[in-house]
Amino acid sequence: DIQMTQSPSSLSASVGDRVTITCRASHTISSYLNWYQQKPGKAPKLLIYAASTLQSGVPSRFSGSGSGTDFTLTISSLQPEDFATYYCQQSYTTLPLTFGGGTKVEIK
Amino acid sequence: QLQLQESGPGLVKPSETLSLTCTVSGGSISSSSYYWGWIRQPPGKGLEWIGSIYYSGSTYDNPSLKSRVTISVDTSKNQFSLKLSSVTAADTAVYYCATHKSYSSDWYLDYWGQGALVTVSS
């Protein structure tokens, strides 16, 4: 299995801050990397697919970058509705699809 | 726009079989455009992909669960189902159904159900 490691596991930030979350794959996954946002009690929501393509309807303050083994999710100016847990997911190897452990973004 | 809704018992006894159904609306489960999948999340923990099925019945299962998992599709009811046998407390989780596009080599999950909590306890 391809292991996905996210860092940090949690962070505290203020509204307006620039936030960066990192995801590292145990093997190269090209650009087969997707990002999700999950709020408490809700299903995950797709933010970015193919490492850098913004899903329809997702605000442009979200961006993704990277290829190979190292990827980044950036929120350019954190908004109150962005406080949530973020997960990366690889689909380079589909058996199995694997997720990172999550990064919880909390209010400072 | 696709909508997915999980249903099934919220409590299952150890060693028994967990059964969940996902009802699809806003589109046909016979569409060649989608795979239909299951993902679970133990309380307070991360996400685990269980498996996916195509309308033809072809399945892709997580090897870690493969021997216990059966995913099936019922095109007449526009539903797909999950059965997980020989459950233990470790199978307690919120179970989500979700879709990913069949014509993309990138399996990203773009539509999700709201989730169903299944507790394994005697």
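The values are calculated or read from the model by the stated rules, or taken from the named source; none is laboratory data. The shown structure was predicted, so the numbers you read here are calculated from the model rather than taken from an experiment. No Cβ is skipped: glycine too gets one built from the backbone with ideal geometry, and neighbour counts run over all protein chains shown. Surface areas here come from the heavy atoms of the whole protein model, side chains and all, with no ligands, DNA or RNA. Shrake-Rupley method; radii C 1.70, N 1.55, O 1.52, S 1.80 Å.
Does B:V69 satisfy the criteria of being more than 30 Å from A:S7 (Cβ to Cβ) and within 14 Å of chain A (Cβ to nearest Cβ)?
On the way: more than 30 Å from A:S7 (Cβ to Cβ): yes; within 14 Å of chain A (Cβ to nearest Cβ): yes.
It is true that B:V69 is more than 30 Å from A:S7 (Cβ to Cβ) and within 14 Å of chain A (Cβ to nearest Cβ).
Which members of segment B:3-19 meet the condition of being open to solvent by less than 20 Å² (accessible area, probe 1.4 Å) and touching a Phe, Trp or Tyr at 6+ places or on another chain (Cβ under 9 Å)?
Keep residues of segment B:3-19 that are open to solvent by less than 20 Å² (accessible area, probe 1.4 Å), which gives B:4, B:6, B:12, B:18.
Those that are open to solvent by less than 20 Å² (accessible area, probe 1.4 Å) and touching a Phe, Trp or Tyr at 6+ places or on another chain (Cβ under 9 Å): B:L4, B:E6, B:L18.
Would you confirm whether any residue within segment A:87-97 is away from chain B (no Cβ under 12 Å) and farther than 13 Å from B:D106 by Cα?
Just the residues of segment A:87-97 that are away from chain B (no Cβ under 12 Å), to begin with: none.
No, segment A:87-97 contains no residue that is away from chain B (no Cβ under 12 Å) and farther than 13 Å from B:D106 by Cα.
Residue-wise test of (1) surrounded by fewer than 22 Cβ atoms within 10 Å (Cβ to Cβ); (2) hydrophobic (A, V, I, L, M, F, W, C); (3) within 13 Å of another protein chain (Cβ to nearest Cβ).
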site	(1), (2), (3)
A:T22	yes, no, no
A:S30	yes, no, yes
A:L33	no, yes, yes
A:Y36	no, no, yes
A:Q55	yes, no, yes
A:V58	yes, yes, yes
A:G66	yes, no, no
A:T72	yes, no, no
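Taking the criterion of being open to solvent by 50 Å² or more (accessible area, probe 1.4 Å) and under 15 Å from the mean Cα position of the chain (by Cα), would at least one residue in segment B:89-106 satisfy it? Steps first, please.
As a first pass, look at segment B:89-106 and keep what is open to solvent by 50 Å² or more (accessible area, probe 1.4 Å): B:89-90, B:103, B:105.
Subsequent filtering for residues that are under 15 Å from the mean Cα position of the chain (by Cα) retains none.
Within segment B:89-106, not a single residue is open to solvent by 50 Å² or more (accessible area, probe 1.4 Å) and under 15 Å from the mean Cα position of the chain (by Cα).
Among residues belonging to segment B:20-56 that are more than 11 Å from chain A (Cβ to nearest Cβ) and without any contact (Cβ under 8 Å) to a residue 40 or more places away in the chain, point out the one that is surrounded by the most Cβ atoms within 10 Å (Cβ to Cβ).
So, considering only residues that are more than 11 Å from chain A (Cβ to nearest Cβ) and without any contact (Cβ under 8 Å) to a residue 40 or more places away in the chain, the one surrounded by the most Cβ atoms within 10 Å (Cβ to Cβ) is B:I53.
For segment B:105-118, give me the residue count where each residue is at the interface with another protein chain (Cβ under 8 Å from one of its Cβ atoms) and part of a strand (DSSP E or B). Write out each step before concluding.
Of the residues in segment B:105-118, the ones at the interface with another protein chain (Cβ under 8 Å from one of its Cβ atoms) are B:105-110, B:112-115.
Adding the requirement that they be part of a strand (DSSP E or B) leaves B:112.
Total satisfying the criteria: 1.
Taking the conditions exactly as written (away from every other protein chain (no Cβ under 11 Å), open to solvent by 50 Å² or more (accessible area, probe 1.4 Å) and in contact with a helix residue (DSSP H, G or I) (Cβ under 9 Å, 6 or more places away or on another chain)), does A:K108 satisfy them or not? Let's see the steps before the verdict.
Numbers: away from every other protein chain (no Cβ under 11 Å): yes; open to solvent by 50 Å² or more (accessible area, probe 1.4 Å): yes; in contact with a helix residue (DSSP H, G or I) (Cβ under 9 Å, 6 or more places away or on another chain): no.
No: the conditions fail for A:K108.
Touching a Lys or Arg at 6+ places or on another chain (Cβ under 8 Å) and among the β-branched types (V, I, T) - does that describe any residue in segment B:74-86? Can you show your working first?
First, pick out the residues of segment B:74-86 that are touching a Lys or Arg at 6+ places or on another chain (Cβ under 8 Å): B:84-86.
So of that shortlist, the ones also among the β-branched types (V, I, T) come out as none.
The answer is no; no qualifying residue exists.
Any residue at all in segment B:69-87 that is open to solvent by 60 Å² or more (accessible area, probe 1.4 Å) and under 10 Å from the mean Cα position of the chain (by Cα)?
For segment B:69-87, residues open to solvent by 60 Å² or more (accessible area, probe 1.4 Å) and under 10 Å from the mean Cα position of the chain (by Cα): present.
Of the conditions (1) more than 10 Å from chain A (Cβ to nearest Cβ); (2) within 24 Å of A:G41 (Cβ to Cβ), B:S102 satisfies every one except a single condition; which number is it?
(2)
Quick check on segment A:45-52. Is at least one of its residues modelled with pLDDT of 95 or more, open to solvent by 20 Å² or more (accessible area, probe 1.4 Å) and away from chain B (no Cβ under 14 Å)? Quick ask: steps written out before the conclusion?
Our first condition is that a residue be modelled with pLDDT of 95 or more; within segment A:45-52, this holds for A:45-52.
Among the residues that remain, those that are also open to solvent by 20 Å² or more (accessible area, probe 1.4 Å) are: A:45, A:49-50, A:52.
Keeping just the survivors that are away from chain B (no Cβ under 14 Å) gives none.
Checking segment A:45-52: not a single residue is modelled with pLDDT of 95 or more, open to solvent by 20 Å² or more (accessible area, probe 1.4 Å) and away from chain B (no Cβ under 14 Å).
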